Amino acid sequence: MKFRLHIARFISPPLILVGGFLLIISIGTVLLMLPFSNQSGTHLAFIDALFTATSAACVTGLVVVDVGTTFNLFGQIVIMILMQLGGLGFMTMATLFALVLGKRISLKDRLLLKEAINADSMEGIVRIIRKVLIFSFTIEGVAAVILALRWATEMPFMQAVYYGIFHSVSLFNNGGFDLFGNSFQYYTGDWIFNITASILVISGGLGFVVLNDLFEYRKRRRLSLQSKLVLSVSGALIGIGAVVLFIFEFTNSHTLGPLTWSEKIYASFFQSVSTRSSGTSTIDITQMRQATQFFFILLMFIGASPGSTGGGIKTTTFLIMIGAVYAMIRGNKDIVFFRQRVPKELLMRALTIIMVSLSIFMIVVMLLLTTEDAPFLSLMFEAASAIGTVGLSVGVTHEMTNWGKIIITFTMFVGRIGPLTIAYALRPRKEKKLYRHPEGRIIIG
C-alpha cells in the first residue's frame, strides 16, 4: 500500500492538526481501556482512560490513576508512544515514516508541517524536521543510557533500561508521567538525575526552530532573533523561578527546609525548570507555601516556547507584551529586540493569545469551583497546569468528579493545540475585505 501524506483541499492545516490529535487521543483511550493494558486485568473506566490518554498525547502529566500500579507494561508503552507522538507532533512523526520510505513530501504537506512546528516559512522545512528528529532521538537515547546506568544501581538492569527509556521520553517531551508514584522526590539531591532531567526538559521546551538554529550554529556562527529571544526569556524565567522558590521555601520544613544547601539548589533549579511544562517534581508540591504556588501558576501560564513540546501562552508571546509595555512607557512607537523591530501584526497576535487563554483559564476555574469541593488556589493551580500542559498538581486531580475530569481533559487539549489553532480550524473561510473602516478615537487609561 502506497504511503502518502495527503491533505484534502477543503481542509485547512489547523483543522488537520486538531483532527490528528483527536484521532491519537481516541486510539489511546480505547487501548488504555482494554483489560490487557491494566495490571488488574479489568476494563479501566472510560473517563479515566480518556483523561490519561489526553494527558499523555497533550504531554501534560496530570493523572487520575497511578501509572506505575494501574497499567502493565503494554499500557505504559501506549502512554510512552502517546507522549512521543504528542510531543513531536503526529505530522512530524508521519514525516519520519515518509522519509524512511523515501516518499516525496508535497507542498500542502509542507504547509501543514510549517503550522505544526510554528515555523515562519516553508523554506527548508523538511530539512529542519529531519534535523530535529535526529537531534530529538539522539538526546533521548543518550539520556536514556545515563538514567538506565544510574538506576541500574538500585533495580534490575532490564527494569533500569526500561525506566531510562520511559522517563527520557517523558522528560524530553515534557510529558510529566513517571513510574515511581511520587514523581522524582527520591532524587532531590542526585546530581546525575537533576542535570540529565533538566537538559531533557529545557531541550524539549526550546522549540524545534531554536533546536535547529543551535544545531547549525557552528556553521553559521549566528542565531536568529527567534532563538535569541527564546534563549533569553527562558533563561531569565528559569533563574527567577529558582530564586523565588529558594527564598520562599528555604525555611519550609515540608519542602526545602530539611535539605542540605546543595539539595536546596538542585531542587530550586529543577522545580523552576519543571514549570516550563515538564510537570515533574523533586519536592512535594502540595506542601509548598501558597505564595510559591501562586508564583508557579504564573510560570505555568507562560509555559514553554513556540513549536516546542510544551504548552502555555509561550515565552515569546509573554516577551512581546513586556516589550509593548516598555515601549509605551518609554514613549517609543516600535517594540525593539536586539535592534530589530517587531511587526504590529505579532503584537496583535500576542494580545489575542493572552486574552483568549486568560478567558479560557478564568472560565475553567469558575467551572471547577462549581463542580469541585476544593480550595480556590488549588483549583486555580490545576487549571493553570492543564492549560499550560505542565502536569504539576497539588493533589486535587485524583479526587475530582467526572465533570471536573471532563473540564480538565478539555483544558489540556486546548492548551496543547493552542486556542488560536482551534479557532482557525473552526472559523468559516471568508474572502478578505478590500477596504478599511475610518479610524476612530477612543479614550483609555
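The values are calculated or read from the model by the stated rules, or taken from the named source; none is laboratory data. All of these numbers come straight from a predicted model, not from anything done at the bench. Don't worry about glycine lacking a Cβ; one is built from the backbone with ideal geometry, like all the others, and counts go over all protein chains shown. Side chains included, ligands, DNA and RNA excluded: accessible areas come from the protein's heavy atoms. Shrake-Rupley method; radii C 1.70, N 1.55, O 1.52, S 1.80 Å.
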Virtual spin-label span in nm between Arg330 and Ile192, 7 Å along Cα→Cβ: 4.8 nm
Cβ crowding within 10 Å averaged over residues, with 405-412, 36-43, 274-281 ranked highest first: 274-281, 405-412, 36-43
Radius 14 Å from Cβ of Gly303, net charge of other residues (Lys, Arg +1; Asp, Glu -1): +3
Formal net charge of residues neighbouring Gly395 (Cβ-Cβ distance under 12 Å; K, R +1; D, E -1): -3
Gap separating the Cα centres of region 221-249 and region 363-377, nearest whole Å: 31 Å
In sequence order, calculated HN-Hα J values of region 262-274 (Karplus, 6.51, -1.76, 1.60; Hz; x Gly/Pro): 5, 5, 4, 5, 4, 5, 5, 5, 5, 5, 5, 4, 5
Accessible area (Å², 1.4 Å probe, nearest 10) - Phe413: 30 Å²
Long-range amide H partners of Gly279 with built H, under 5 Å: Leu392
Förster-model FRET efficiency, 30 Å R0, Ile27 and Asn72, C-beta, rounded to 0.05: 0.95
Relative contact order of region 13-422, pairs being alpha-carbon contacts under 8 Å that are 6 or more residues apart, as %: 19 percent
Ordering of 54-66, 335-347, 228-240 by burial proxy (mean other Cβ atoms within 10 Å per residue, highest first): 54-66, 228-240, 335-347
Relative packing of 353-365, 145-157, which averages over residues the other C-beta atoms within 10 Å, highest first: 353-365, 145-157
Largest to smallest accessible area among Trp191, Trp403 [probe 1.4 Å]: Trp403, Trp191
Efficiency of FRET between Gln159 and Ile363 - r from beta-carbon atoms, R0 41 angstrom, step 0.05: 0.40
Over 30 Å [Cα-Cα, region 13-422], rounded percent: 38 percent
Residue pairs, from the table Lys314/Lys405; Lys131/Lys333; Lys264/Lys405, whose Cα atoms sit over 27 Å apart: Lys131/Lys333; Lys264/Lys405
Net charge dipole size for region 185-318 [Lys, Arg +1 and Asp, Glu -1 on Cβ; Debye, nearest 20]: 680 debye
Student exercise, region 13-422 dipole from Lys, Arg, Asp, Glu Cβ charges, in Debye to nearest 20: 2040 debye
Local net charge near Leu44, Cβ-Cβ under 15 Å (Lys/Arg +1, Asp/Glu -1): -1
Potential lengthening between His43 and Ile134 on full extension [0.36 nm per residue; Cα-Cα distance subtracted]: 29.0 nm
Estimated dipole of region 255-359 in Debye, rounded to 20 [Cβ of Lys and Arg +1, of Asp and Glu -1, Cα centre]: 440 debye
